[in-house]
1. For residue 157, state whether it is buried (at least 22 other Cβ atoms within 10 Å of the Cβ), part of a helix (DSSP H, G or I), in contact (Cβ under 8 Å) with a residue 24 or more places away in the chain and among the acidic types (Asp, Glu).
2. Do we have residue 191 as over 30 Å from residue 95 (Cα atoms), modelled with pLDDT of 90 or more, of a type in the set (A, V, I, L, M) and in contact with a helix residue (DSSP H, G or I) (Cβ under 8 Å, 6 or more places away or on another chain) here?
3. Which one is surrounded by the fewest Cβ atoms within 10 Å (Cβ to Cβ), of the residues in the range 22-32 that are under 10 Å from the mean Cα position of the chain (by Cα) and farther than 17 Å from residue 68 by Cβ?
4. I need every pair where a residue in the range 140-154 that is within 18 Å of residue 30 (Cβ to Cβ) has its Cβ under 6 Å from the Cβ of a residue that is among the aromatic types (Phe, Trp, Tyr), sequence separation at least 6 or different chains.
5. Any idea which residue in the range 37-88 is farthest from the chain's Cα centre (by Cα), counting only those that are within 23 Å of residue 232 (Cβ to Cβ) and of a type in the set (Ser, Thr, Tyr)?
6. Looking at (1) under 19 Å from the mean Cα position of the chain (by Cα); (2) acidic (Asp, Glu); (3) surrounded by fewer than 24 Cβ atoms within 10 Å (Cβ to Cβ), which one does residue 208 not meet, given that it meets all the others?
7. Given the condition of a type outside the set (Ser, Thr, Tyr), surrounded by 15 or more Cβ atoms within 10 Å (Cβ to Cβ) and assigned to a loop (DSSP other than H, G, I, E, B), answer yes or no: does some residue in the range 178-200 qualify?
8. Going by the structure shown, is residue 151 of a type in the set (A, V, I, L, M), touching a Pro at 6+ places or on another chain (Cβ under 9 Å) and assigned to a helix (DSSP H, G or I)?
Amino acid sequence: MEDQKVFSKVPEVIWLFWIIKILATTLGETDGDALSMSLNLGYLVSTGIFAALFLLAVFFQIKASKFHPIIYWVTIIATTTVGTTLADFADRSLGIGYAGGTAILLALLAASLLLWHRTMGSISVTSVSSPKAEMFYWMTIMFSQTLGTALGDWTADSEGFGYANSALIFCGMLAIVAGLYFVKRINRTALFWTAFVLTRPLGAVVGDFLDKPLDHGGLALGRFSASAVLIVLIAICLFAFKHRPAAKVH
């Protein structure tokens, strides 16, 4: 959704990127719930574990001299898992609620983007070519993933739309963003970050739809089974991404 060539540390943003992003955010939801709920570690402990993994993944991502798909997407998944448990901790354990959590995280995301722009002069992913820019990039992504979790839960649970209907709502919003891409007057960077944020609540509600019990509107696949299936699908997409035909240069 953003015009760019392949950069050393950032993948090319084509349709496969968005498919992998949605799968990764869905995996983050099932993994986060598996640790905090299925293994009964709770939101705070799970957040601490995933935060450590996130920081470790970001360290390797920034230290890498070139783009490595596995490191990049592991880091993305790490942001979704910590985002899942952090949002649940704030919404449920601290009693902030989905609406309050969404508002706070939206403000943090806006502040992150503003600080990034004021410091680096651009928030485009095509400008992510230095360690400082990468730090802003991953901080922004972490806030966007946490925001998406709260927004997805708010829509599906608090507003009562359910998981399937919420997925349709977010799919429709993403379709609108995709359509706006062809309107030349609209800023491509703004569209990219809007789509990036919206894929997270979509993944959150799809993840819940896969693993929640039937009497709660889910498919009852189980968090570990759903995670295994998602990992296989991500691996297939990464293989297709790597071996896709080269774009023709006119």
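The values are calculated or read from the model by the stated rules, or taken from the named source; none is laboratory data. Note that the coordinates shown come from a computational prediction; the quantities given were computed from them, not determined experimentally. Heads up, the Cβs are rebuilt from the backbone with ideal geometry, glycines too, and the neighbour counts pull from every protein chain shown.
1. Working: buried (at least 22 other Cβ atoms within 10 Å of the Cβ): no; part of a helix (DSSP H, G or I): yes; in contact (Cβ under 8 Å) with a residue 24 or more places away in the chain: yes; among the acidic types (Asp, Glu): yes.
In short, no.
2. Numbers: over 30 Å from residue 95 (Cα atoms): yes; modelled with pLDDT of 90 or more: yes; of a type in the set (A, V, I, L, M): yes; in contact with a helix residue (DSSP H, G or I) (Cβ under 8 Å, 6 or more places away or on another chain): yes.
In short, yes.
3. To start, the set of residues in the range 22-32 that are under 10 Å from the mean Cα position of the chain (by Cα) comprises 22-29.
Checking which are farther than 17 Å from residue 68 by Cβ leaves us with 22-23, 25-29.
On the way: 22: 21, 23: 25, 25: 31, 26: 29, 27: 25, 28: 30, 29: 33.
For the range 22-32, the residue satisfying everything is 22.
4. Taking only residues 6 or more apart or on different chains, the pairs are 150/98; 153/98.
5. Only one residue tops the list, namely 38.
6. Going through (1) under 19 Å from the mean Cα position of the chain (by Cα); (2) acidic (Asp, Glu); (3) surrounded by fewer than 24 Cβ atoms within 10 Å (Cβ to Cβ) one by one, residue 208 breaks only (3).
7. no
8. On the way: of a type in the set (A, V, I, L, M): yes; touching a Pro at 6+ places or on another chain (Cβ under 9 Å): yes; assigned to a helix (DSSP H, G or I): yes.
It is true that residue 151 is of a type in the set (A, V, I, L, M), touching a Pro at 6+ places or on another chain (Cβ under 9 Å) and assigned to a helix (DSSP H, G or I).
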